[in-house]
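Where a number appears in this text, it was derived from the coordinates with a stated rule and is not lab data. Just so you know, these numbers come straight off a predicted model, no measurement behind them. We place every Cβ from the backbone using ideal geometry, glycine too, and count neighbours over all the protein chains shown.
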Amino acid sequence: MIMLKAVALAISLSVSLLLSEFVARLLLNPADLLSAGVVPDNVLGITVAPNSSGFDTWGFRNKKVPSGAEVVAIGDSHTYGNTAAMEDAWPAVVARQTGLNVYNLGLGGYGPNQYYHLLTSKGVTLHPRWVVCGLYMGDDFENAFLMTYGLDHWSYLRQGSWTNVDANIWGLSEPPVLAAGLRNWLSEHSMVYRLILHGPLFAMLKEGIRFKEVTESSDPYTTALIVEEQNIREAFRPIGIAERLDERSGPVREGMRITFHLLTEMDHVCKSEGCRLLVVIIPTKETVFSEYLEKNPQLHLHDALMRVITNERSVKGTLTDFLGRTGIAYLDTLPMLKESAHQQLYAQTTRDMHPSKNGYRVIGEAVSQFIHSAK
């Protein structure tokens, strides 16, 4: 009798979970919740696994691959829209604001090499009027270096002698956790699992504990800024970013050289195809809140925060000098993000430094205004 009840309970739970999974997939976009499975690629490093739920036939976060698009957005996770729904990523904001058809070629971990390849292999086939390239200051120069010296396809870009460079930036950076294999599988396949374990209630409880640890300076990699009267409560992980923006580093300088070369090539391709290239400069979180961080020298990891801000200002100066000299149109979104710093622009987490839907909205509105003014 007990065995029959246990079997009945197991069947009931299984049916309930399957029904919940069906309803979740019916009402929600899987690409907004599920972790994307990826496969290795000799040119791009990785691509989204074929037939991944919520992705189009090209493997990108769009409802479908259109026959044409007036705007093609190319970029990394800041263009993909990490931490936000597909409809809240900045390319989707541009589509709503301008009324133009926008196709999103953004994917996490991509950089200038992938931007160039995606433009020439996919973007131009959509015959766009605009190609908008989201250039993230935090790691795009490093990505250009790693792809060029880590993948044989890009060896023609090399001018240095670096060897044994690992291009796999998608490897695990966090320590292993219990039942990691099962948890990763569920993250890729179960929307119910994602809604429960990564939903707002559990996330609020988890991040409340983490923020307490951070504010007590017990995390060696993370710090926090809290300015209650300005509605600011943000975490920062500055150490790695400071290194990736240090122009004294040979790999950083080489990554910048490669990036500038590929942007020049992208501009030539756009001109030959009759469209315009716009480089959208997306700043680090540290620089967006620089005015507050500079005024609080007592903050944990303050030296690292200042290195990010100082290094980024120098690197951006070099970048904008190059763009101005070559006549490539660009948009610096930093002023607009700074003006909106009190609007919870970033995901309220101590681990993920990506913008929230509010931050993507500000970037999308800035791009839309640029396109409108250029008509």
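Under 5 Å from the amide H of R233 lie the amide H atoms of V227, each residue being 5 or more positions distant or on a separate chain, with H modelled from the backbone and absent for Pro and chain starts. Each other residue within a Cβ distance under 9 Å of Y346 adds +1 if Lys or Arg and -1 if Asp or Glu, for a net charge of -1. Working ranking of peptides 155-161, 363-369, 68-74, 52-58 by packing, defined as the average number of other Cβ atoms within 10 Å per residue, highest first, is 68-74, 363-369, 52-58, 155-161. Amide hydrogen proximity for Y346: with H placed 1.01 Å from N in the peptide plane, the residues at 5 or more positions away or on another chain lying under 5 Å are S356.
I need the phi-derived Karplus couplings for region 154-165: 6.51 cos²θ - 1.76 cosθ + 1.60, θ = phi - 60°, integer Hz, Gly and Pro marked x. Here the 3J(HN,Hα) series is 9, 4, 5, 8, 6, 10, x, 10, 5, 10, 6, 8 Hz.
Summarising the amide proton neighbourhood of C133: residues at separation of 5 or more, or on other chains, whose placed amide H is nearer than 5 Å comprise I74, L278, V279, V280. Going by a ≥ b ≥ c, the root eigenvalues of the Cα gyration tensor, does region 256-318 fall in the rounded group (a/c under 1.5), the prolate group (a/b larger than b/c) or the oblate group? Here region 256-318 falls in the prolate category. Distance between the modelled labels on W162 and M336, one decimal in nanometres: 3.2 nm (7 Å Cα→Cβ projection). Remark: region 227-239, residue by residue, has Karplus-estimated 3J(HN,Hα) of 10, 4, 5, 9, 6, 10, 8, 10, 9, 9, 10, x, 4 Hz, where x stands for each Gly or Pro and the curve is 6.51 cos²θ - 1.76 cosθ + 1.60 at θ = phi - 60°.
In this structure, T310 and V39 have a Cβ-Cβ separation that, at R0 = 35 Å, corresponds to a calculated FRET efficiency of about 0.35.
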